Every structure is written in structure tokens, then in C-alpha cells.
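Reading through the C-alpha cells given below for one structure.
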Amino acid sequence: MTDPSSQTRVVIVDDHAMFRRGVRAELEAAGAGVVEVVAEAADVDEAVTLIAAHRPDVVLLDVHLPGGGGAEVMRRGPTSDAAGAAPRYLALSVSDAAEDVIGTIRGGARGYVTKTITGPELVSAIGRVADGDAVFSPRLAGFVLDAFAGSIEMAAVDEDLDRLTEREREVMRLIARGYAYKEVAKELFISIKTVETHMSSVLRKLQLSSRHELTRWASDRRLL
């Protein structure tokens, strides 16, 4: 029989119910006896409440959430308990943009991986974060090194992106990478019509006229 005390206790925080169910299923399959999902949350307030109640070892945290985003969860989340332990945060996001990665790490996360990660890889990442290691998808580690080296000007990037809502940023990055509207809709669990609406808003706010211009704009800012 598996000793429950040896399992890494995890809370999943993501505003998409289908994605949370998928992550739970992957962890239960790939991490049986190693990882235990103790709760799921869909927004900042729910996440803060459940993390305080369950005191997980690791919080799997989406970057963009209703109520303030992943950084707000870390800011409001519980610190060390009586035993000196505090939850560790691992970002699991569709976004691999430099400012999201760096901002999340600055907010207190121990790692950042993208949603293309496999179940076994995620189980391994959770275990490493629980042990105190820092974990990044390979491409993302470069962003962190560049930021500390001063080669990424985050203030300039943030000023432009502040014009967009969190959902518009997600749509913008996928479209700029060449995704079709249908693919974006599937990736973000929204309708094609909603993708079209967000895309129109993105182009208007950034004063761009085409997908080609958007791709060049995003590439210049190292958002791809």
C-alpha cells in the first residue's frame, strides 16, 4: 500500500474546467502513488481559499486567471505554516512569452512549464519543485537568464501589452505564431467567433492592420 504521506499534494489552479480535468487525469495516470491532487480552483479567490485550507506541497498555477492572475494568487497565498513549510508554485500556462515567464518568477514561482508538457514530464517537474529545485521548459530558461543579464527590457514590453486584456494576449500570441482561428479556439476552449472578436480588438488597440504586422510586432518584442 502506498504511504499517503510520501505523496506530493497538489492544487490545480486554472479557469478552464476541461483543462483542469485533463491535468488531473494525466497526473492520476502518470503519477499514481506519487502525486495526489487535493483540490482544484478556477479563479484567484477560490485558489487562495483552497491553498490555505489544504496546504499543498505544490500549486500548479495558470498565469492568466480571473481576479488578478497567478501573481495575485502568490501574493495573497499562505506563507510558512507552523512546521516552516510553504506551498511552492509551478506555473503551467499556454503562454511562453518572456514577460509572463519573468513576471511569474519574480512573483515567487519556482518554475514555469508550458501546456505542451507530457504527463510524466509534469509529474517529474512537480517532484523537483517540491524538493526545492527550479524547473523551466528549455526555451523559457533563456528568458530568465536574459532578464537577469539585462537584455530584455520588460518595461517597454509591459507598456504595449497593458492595452490588451489577458484573453486578448493569449489570442494575440497564438495568431502571431501562425495558428488558424479554429486552432486558437480549440487551444483556448472558446468559439471561433470569440477568437475573431478578440483578434479585431487586438489589431485595433495595437494600431495594426493584419496578421503579418502582428507577427512582426510580436517578434520584435520577443513574444513568440
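Both radii were evaluated on the Cα set of segment 96-136; the Rg over Rh quotient, with Rh as the Kirkwood radius, amounts to 0.98. Residues whose amide H lies under 5 Å from that of THR8, counting only those 5 or more places away or on a different chain, are VAL35, GLU36; hydrogens are built 1.01 Å from N in the peptide plane.
Within the listed set ALA91, ALA109, ALA180, the Gaussian network model of the chain (springs between alpha-carbon atoms below 10 Å) gives the highest mean-square fluctuation for ALA180.
Cα centroids of segment 66-136 and segment 191-219: 29 Å apart.
Put simply, the convex hull of the Cα atoms in segment 64-130 casts, on average, a shadow of 5.0 nm².
Close amide H pairs (under 5 Å, H built 1.01 Å from N) link VAL135 with GLY111, TYR112, residues at least 5 positions away or on another chain. Rounded to the nearest 10 degrees, the angle from helix 211-220 to the longest Cα principal axis of the chain is 60 degrees. Derived scalar couplings between HN and Hα for segment 109-123 equal 6, 8, x, 8, 10, 9, 6, 8, 5, 7, x, x, 5, 5, 4 Hz in order, rounded to whole Hz, by the Karplus curve 6.51 cos²θ - 1.76 cosθ + 1.60 (θ = phi - 60°), x for Gly and Pro. The length gained by stretching the chain between ASP43 and ASP131 to full extension, at 0.36 nm per residue less their Cα-Cα distance, is 29.0 nm.
Relative to the longest principal axis of the Cα atoms of the chain, helix 192-206 runs at roughly 60 degrees.
Given a 10 angstrom Cα cut-off, can you work out which residue in GLY108, GLY127, GLY178 is the most mobile in a GNM of the chain? Result: GLY178 has the largest fluctuation of those listed. Normalised by the number of residues in the chain, the average gap of Cα pairs under 8 Å and 6 or more apart makes the relative contact order 15 percent. Just one of [x] 17.8, 61; [y] 19.2, 57; [z] 37.6, 140 is Rg and Dmax of the Cα atoms in Å calculated from these coordinates, so which is it? Label [x] holds the value from this structure. The helix-only estimate of mean residue ellipticity at 222 nm for the chain, built from DSSP H runs of length n ≥ 4 each weighted as -39500 (n - 2.57), is -16000 deg cm²/dmol after division by the residue total. Helix 98-107 versus the longest principal axis of the chain: what angle, 0 to 90°, nearest 10, using Cα atoms? So the helix axis and the longest Cα principal axis differ by about 40 degrees. Note that segment 55-72 has calculated 3J(HN,Hα) couplings of 6, x, 6, 9, 10, 7, 10, 6, 6, 9, 9, x, x, x, x, x, 4, 5 Hz, one per residue in order, obtained from phi through the Karplus relation 6.51 cos²θ - 1.76 cosθ + 1.60 (θ = phi - 60°); glycine and proline are x.
Got a sec? What order do ASP131, ASP96 fall in by accessible area at 1.4 Å, biggest, i.e. largest, first?
ASP131, ASP96
The values are calculated or read from the model by the stated rules, or taken from the named source; none is laboratory data. Since this is a predicted model, take the numbers as computed values, not measurements. Surface accessibility is based on the protein's heavy atoms, side chains included, excluding ligands, DNA and RNA. Shrake-Rupley method; radii C 1.70, N 1.55, O 1.52, S 1.80 Å.
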